[in-house]
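Down below is the structure, laid out as structure tokens.
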Ligand SMILES: [Zn+2]
């Protein structure tokens, strides 16, 4: 079966065609990052406008690249949350109309669940149970997946998503937007020796908090600038990134032990961070745990993961109603 | 021709199916805020009830606003999905023009859609025969500014539109000799009007707007306006 996936929850407009939930026929992504760069973050109304402009040409191109005629599509899947309401509504409305026009089922997909399925696309042999750590500009989640469609969210961020903290630190260090790759690059030149936060106030839980860490960097930079002293940008980047990764490591490996899984999957844009990959790879090898992460174009937001996830959802639960509402704060249950 | 007309720019969303001159389905319903995603389900029901299969449609006409940004986008996304999926042409219709079409009169017609406090989306039309001719295209008007402009014209004006308590009060006060107001359903966008105007536009220009139709926002986003004013995101 051919599945059409549509993703518009944040600042990537994406359309993909996936066969049988596992084989990518096309996976097109139109990033809006250049439209939001000067604002230092995603502007929701602007994002929604860009989605509507981009979506139809992208849909046409995705079918053409897949070599698929519209009447061959058997299922239409679209993200219905979590995300920015204006953007979600564009993809969701288009997808429902397509399902109506083609007389095929429609299925709404949880974006966070979608990120997990990026790993199933990239690694066909992968099977649950597994633990998935999703880190991006929009989310930080530690999820135990018992089987397809059955999840337990062990931990999530109490404030900023990891990627959001990267963006803000990049901004105060004058590195531009988006911040993740810039901080990653600069950190390689620095020493992670500045203690930014003394204690882990969420110790013992699986939840995350990055706002204190981010504020510590911002305050330190402002203090140094006021005194006219040089800002050790590379050391700050290395220290900040090191502490983010340490927190992610501590929660994740504790969960690996507690849930006795030997499969760990990483997902989300921040999973492309070089230090994160290196430290998780090393620790996984030491513990004999199988570590998976998708290639970059499946790490960041994309519609192939939505199509794959939608396929499994539909097989398990059937189609979603055509009046399914967008759910900006949708949770994974 | 079987034309589907959709508009979700204002509080009352509209959907109609036209078969030639005949309206075979028409529905107007208050859209709860952010709830225009119900529309595909309503449409599915309309097609079932009229025993029209989607493949029998020939044209999709959709209101492009001005009005609620989100609302207009949902309408356009649905229209584009249908037009693409059914391989049909799509035509965008200004929502204000459809509103003006509710009153055939020799007087000036001024359709209004609620905007921010003290402002309205407005346009000015006059009927010439069976044709609505735009005198002022859709724009954003301060209420005082709009009243002053119409006062200068010195003619009677029919105002149409819903959710306009503030505007009605002011316009009635500033234009006591000129202003009259629509009643009941005249103040609601009609899907059949969208369909008729879309069909007329299609027959005139034969231009499929599937890729080009976009909302008539009339305003840049707040972030862009601030940027233009200060040269920074602040
Ligand atoms: Zn994401």
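Of all residues in region A:33-40, at least one satisfies being farther than 15 Å from residue A:114 by Cα and within 16 Å of the ligand (Cβ to nearest atom). Among the residues of region B:138-165, the ones that are within 12 Å of residue B:100 (Cβ to Cβ) and in a strand (DSSP E or B) come to 5 in all.
This table checks each residue for (1) more than 14 Å from every other protein chain (Cβ to nearest Cβ); (2) under 15 Å from residue A:293 (Cα atoms); (3) surrounded by fewer than 24 Cβ atoms within 10 Å (Cβ to Cβ); (4) more than 12 Å from the ligand (Cβ to nearest atom).
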residue: A:104; (1), (2), (3), (4): no, no, yes, yes
residue: A:109; (1), (2), (3), (4): yes, no, no, no
residue: A:116; (1), (2), (3), (4): yes, yes, no, no
residue: A:125; (1), (2), (3), (4): yes, yes, yes, yes
residue: A:136; (1), (2), (3), (4): yes, yes, no, no
residue: A:148; (1), (2), (3), (4): yes, no, yes, yes
residue: A:153; (1), (2), (3), (4): yes, no, yes, yes
residue: A:158; (1), (2), (3), (4): yes, no, yes, yes
residue: A:161; (1), (2), (3), (4): yes, no, yes, no
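Residues that are without any contact (Cβ under 8 Å) to a residue 24 or more places away in the chain, over 20 Å from residue A:269 (Cα atoms) and crowded, with 19+ Cβ neighbours inside 10 Å within region A:1-48 comprise just one, A:46.
Scanning region A:310-319 turns up at least one residue that is away from the ligand (no atom under 16 Å from the Cβ), surrounded by fewer than 20 Cβ atoms within 10 Å (Cβ to Cβ), in a loop (DSSP other than H, G, I, E, B) and within 14 Å of chain B (Cβ to nearest Cβ). Quick one: would you say residue A:66 is touching a strand residue (DSSP E or B) at 6+ places or on another chain (Cβ under 6 Å), closer than 29 Å to residue B:44 by Cβ and away from the ligand (no atom under 16 Å from the Cβ)? In short, yes. Looking at region B:99-117, is at least one residue within 14 Å of another protein chain (Cβ to nearest Cβ) and outside any loop (DSSP other than H, G, I, E, B)? Within region B:99-117, not a single residue is within 14 Å of another protein chain (Cβ to nearest Cβ) and outside any loop (DSSP other than H, G, I, E, B). Among the candidates B:23, B:3, B:62, the residue that is modelled with pLDDT of 95 or more, surrounded by fewer than 18 Cβ atoms within 10 Å (Cβ to Cβ) and not in a loop (DSSP other than H, G, I, E, B) is uniquely B:23.
Pairs linking a residue in region A:104-117 that is without any contact (Cβ under 8 Å) to a residue 60 or more places away in the chain to a residue that is more than 11 Å from the ligand (Cβ to nearest atom), with Cβ atoms under 7 Å and 6 or more positions apart or on different chains, are A:104/A:73; A:104/A:74; A:104/A:75; A:104/A:76. None of A:261, A:217, A:221, A:244 is modelled with pLDDT of 95 or more and assigned to a loop (DSSP other than H, G, I, E, B) except A:261.
When region B:166-192 is filtered for residues that are farther than 20 Å from residue B:65 by Cα and either in a helix (DSSP H, G or I) or out of contact with any strand residue (DSSP E or B) (no Cβ under 9 Å at 6 or more places or on another chain) (or both), the ones remaining, listed by number, are B:166, B:168, B:169, B:170, B:171, B:172, B:173, B:174, B:176, B:177, B:183, B:184.
The values are calculated or read from the model by the stated rules, or taken from the named source; none is laboratory data. Owing to the predicted nature of the structure, the values given are computational and were not obtained by experimental measurement. With ideal geometry, Cβ positions are generated from the backbone for all residues, glycine too; neighbour counts draw on all protein chains shown.
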